[in-house]
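*Asks:* After the structure tokens below, expect a handful of questions from me.
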Amino acid sequence: MKKIFSFITAFSILAAGVLNGLAQTAPKNGADPEIQKMVREVSAKNIQATILKLVSFGTRNTLSSQTDPNRGIGAARDWIYGEFQKISSDCGGCLDVQKQTFTQEAIPPPRGRYPQAAVLTNVYAVLKGTTDPDRVYVVSGHYDSMCNLNATDTTCDAPGANDDGSGTAVSIELARVMSKQKFDATIIFMCVPGEEQGLTGSTYFAKDAAAKKMNIEAMFDNDIVGGVTTYKNAPDRQSIRVFAEGVPSNETPQEANTRRSVGGENDSPARQLGRYVVEMAKIYSPGFKANLMYRRDRYGRGGDHIPFLENGYAAVRFTEPHEDYTHQHQSVKLVDGKQYGDLPEFVDFGYVANAARVNLIGLVNLALAPAKPKGVTMLTGGLTNDTDLKWTANTDADLAGYEIVWRDTTAPFWTNSKFVGNVTTFKFKEMSKDNYFFGVRAVDKSGHKSPVVYPRPGR
Ligand SMILES: [Zn+2]
């Protein structure tokens, strides 16, 4: 059946092209050598140096010293700020390095992890987009740490090499590599505190961004991407989990009604973002796989992508496939000859570099590609087996056109695609929207593609 449909589709495109007097020129396909070059520039050595430096601050508990130059969260904050500044001076001041400082009010235990109010500082570097600077992508790791199940213990050693020195190192290494290039859209390389106290640093940033109506098209959270040396020979070591929710965290009751009526529990913006990362990683990272997880996070757990999701932004979480809980949220101690604690000797720096590469592949493709098409609508009303899609024209100068994708209702990934040219409507004759899921994405002249947008019903 599918063969017949694609023949019909090809015929309709040809017919539309002839009618419009336009040739439908598809953009280039395949890997972009500039992106491949950036992938190779990610350095495990740099990542190792960053993680060792972060560990050297003894503890990075959010409630630890703000002023001690050698130990505590304040020393880590200032060092990260200095690293971003160094990277910026290497690219002629191309990064706008920011400290976003705020006072978190007390939320005493047992409800919260702030016995008293605390000052928190998100540190980030902004690489401004050239043609579409208001479109923003965020990559983030948390630079705070904790030593045991008591997150308010500020004096114990909390090396936090994996959780989340690894994610912090990804943000810094990506800033270093990507700042040498120019992108259509803006990228924010971020390191936040307060994750272990209840996602407070990321919550502040996401709420503030939403209040300012910042257009964050995607957010990547890297938390525990250290790969652990203890599972080095595990079969799935050459992969990373990409957690992407199905039903949106910010869905309104009205949107839930629409979803029940037309489907879409497997097609949230976050799920499309997850599919996008998997698709791009397949092209640019054949030896190291992105594994899509149909979940917002690990079972009953949370991370810094959640405040972004709750504020209406597409976000995913990256985490290694096997976590070793003897080296996570543990005090540094030796028990019966067994070493506990989140120490750097249990981090696999080569693995972190691969995790960084998958992030880079996703971010670079997103920031070079056109924006996601807006106002994507599936026309309803009238009984027909045709599928009618329409959307609003993108404003990207390098736009080539749009690609329609579709799949069986039981397929996890988009299986079929058709480049339809620079149009804002498309009709699939005798191909029922009841039997397939459809989506639309924008494509530029070099072949960079936006994530897919799942249509809303409309007239
Ligand atoms: Zn963490």
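The values are calculated or read from the model by the stated rules, or taken from the named source; none is laboratory data. If you're wondering where the values come from, they're calculated on a predicted model, not measured in any experiment. Every residue, glycine among them, receives a Cβ derived from its backbone with ideal geometry; neighbour counts consider all protein chains shown. To get the accessible areas, we keep the full protein, side chains included, count just its heavy atoms, and leave off ligands, DNA and RNA. Shrake-Rupley method; radii C 1.70, N 1.55, O 1.52, S 1.80 Å.
*Asks:* If you check every pair at least six apart or on different chains, which have Cβ atoms under 6 Å apart with a residue in the stretch 107-122 that is more than 27 Å from ILE188 (Cα to Cα) and part of a strand (DSSP E or B) first and a residue that is open to solvent by less than 70 Å² (accessible area, probe 1.4 Å) and of a type in the set (Gly, Ala, Ser) second?
*Replies:* If the second residue must be open to solvent by less than 70 Å² (accessible area, probe 1.4 Å) and of a type in the set (Gly, Ala, Ser), the pairs left are TYR114/ALA106.
*Asks:* What residue, among those in the stretch 207-251 that are open to solvent by less than 60 Å² (accessible area, probe 1.4 Å) and part of a helix (DSSP H, G or I), is farthest from LYS289 (Cα to Cα)?
*Replies:* ASP208
*Asks:* Would you pick out the residues in the stretch 357-385 that are among the small types (Gly, Ala, Ser) and in contact with a strand residue (DSSP E or B) (Cβ under 8 Å, 6 or more places away or on another chain)?
*Replies:* GLY362, ALA367, ALA369, ALA371, GLY375
*Asks:* Quick one: how many residues across the stretch 162-183 are under 30 Å from ASP398 (Cβ atoms) and among the acidic types (Asp, Glu)?
*Replies:* Final tally of qualifying residues: 1.
*Asks:* Can you pull out every residue in the stretch 197-222 that is within 16 Å of the ligand (Cβ to nearest atom), in contact with a Gly (Cβ under 7 Å, 6 or more places away or on another chain) and either under 22 Å from LEU127 (Cα atoms) or among the small types (Gly, Ala, Ser) (or both)?
*Replies:* GLY198, GLY201, PHE220, ASP221, ASN222 - these are the residues of the stretch 197-222 that are within 16 Å of the ligand (Cβ to nearest atom), in contact with a Gly (Cβ under 7 Å, 6 or more places away or on another chain) and either under 22 Å from LEU127 (Cα atoms) or among the small types (Gly, Ala, Ser) (or both).
*Asks:* Please go through the stretch 130-153 and pick out each residue that is touching a strand residue (DSSP E or B) at 6+ places or on another chain (Cβ under 7 Å), touching a residue at least 60 places away in the same chain (Cβ under 8 Å) and away from the ligand (no atom under 16 Å from the Cβ).
*Replies:* Result: ASP132, ASP134, ARG135, VAL136, TYR137, VAL138.
*Asks:* Just one of (1) touching a strand residue (DSSP E or B) at 6+ places or on another chain (Cβ under 9 Å); (2) touching a residue at least 40 places away in the same chain (Cβ under 8 Å); (3) of a type outside the set (Gly, Ala, Ser); (4) open to solvent by 20 Å² or more (accessible area, probe 1.4 Å) trips up THR101, so point out which.
*Replies:* (2)
*Asks:* Would you confirm, using the coordinates I've provided, whether SER171 is without any contact (Cβ under 8 Å) to a residue 60 or more places away in the chain and either assigned to a helix (DSSP H, G or I) or open to solvent by less than 10 Å² (accessible area, probe 1.4 Å) (or both)?
*Replies:* In short, yes.
*Asks:* Which one of these does ARG241 not meet: (1) of a type in the set (Lys, Arg); (2) touching a Ser or Thr at 6+ places or on another chain (Cβ under 6 Å); (3) more than 16 Å from the ligand (Cβ to nearest atom)?
*Replies:* Status for ARG241: all satisfied but (3).
*Asks:* Specify which of the listed residues (PRO307, PRO370) is in contact (Cβ under 8 Å) with a residue 60 or more places away in the chain, open to solvent by less than 10 Å² (accessible area, probe 1.4 Å), out of contact with any helix residue (DSSP H, G or I) (no Cβ under 9 Å at 6 or more places or on another chain) and under 22 Å from ILE188 (Cα atoms).
*Replies:* PRO370
*Asks:* Here is a follow-up. Can you name every residue in the stretch 123-157 that is part of a strand (DSSP E or B), surrounded by fewer than 23 Cβ atoms within 10 Å (Cβ to Cβ) and in contact with a Ser or Thr (Cβ under 6 Å, 6 or more places away or on another chain)?
*Replies:* Selection gives PRO133, VAL136.
*Asks:* Answer yes or no: is there a residue in the stretch 428-447 that is open to solvent by 30 Å² or more (accessible area, probe 1.4 Å) and closer than 30 Å to CYS156 by Cβ.
*Replies:* No, the conditions are met nowhere in the stretch 428-447.
*Asks:* Hey, another quick one. Name every residue in the stretch 289-311 that is β-branched (Val, Ile, Thr) and part of a loop (DSSP other than H, G, I, E, B), in order of residue number.
*Replies:* none
*Asks:* If you check PHE413, PHE346, which single one turns out to be under 30 Å from ASP157 (Cα atoms), open to solvent by 30 Å² or more (accessible area, probe 1.4 Å) and out of contact with any Asp or Glu (no Cβ under 6 Å at 6 or more places or on another chain)?
*Replies:* From the options PHE413, PHE346, the qualifying one is PHE346.
*Asks:* If you don't mind, another one. For the stretch 187-196, state whether one or more residues are within 13 Å of the ligand (Cβ to nearest atom), out of contact with any helix residue (DSSP H, G or I) (no Cβ under 8 Å at 6 or more places or on another chain), closer than 23 Å to LEU343 by Cβ and not in a strand (DSSP E or B).
*Replies:* There is at least one residue in the stretch 187-196 that is within 13 Å of the ligand (Cβ to nearest atom), out of contact with any helix residue (DSSP H, G or I) (no Cβ under 8 Å at 6 or more places or on another chain), closer than 23 Å to LEU343 by Cβ and not in a strand (DSSP E or B).
*Asks:* Given THR424, THR377, THR392, which one is at negative phi, touching a residue at least 12 places away in the same chain (Cβ under 8 Å), exposed (fewer than 14 other Cβ atoms within 10 Å of the Cβ) and among the β-branched types (Val, Ile, Thr)?
*Replies:* THR392
*Asks:* Give the stretch 63-92 a look and list any residue that's part of a helix (DSSP H, G or I), touching a Ser or Thr at 6+ places or on another chain (Cβ under 6 Å) and not aliphatic (A, V, I, L, M), or say none.
*Replies:* Within the stretch 63-92, GLY74, ARG77 qualify.
*Asks:* Follow-up question, since we're still on this one. Let me confirm something: among ASP157, ASP153, which residue is in contact with a Cys (Cβ under 9 Å, 6 or more places away or on another chain) and either at pLDDT below 95 or over 20 Å from GLY74 (Cα atoms) (or both)?
*Replies:* ASP153
*Asks:* Next up: Could you please let me know if ALA371 is under 23 Å from the mean Cα position of the chain (by Cα) and either under 14 Å from ILE240 (Cβ atoms) or among the basic types (Lys, Arg) (or both)?
*Replies:* No.
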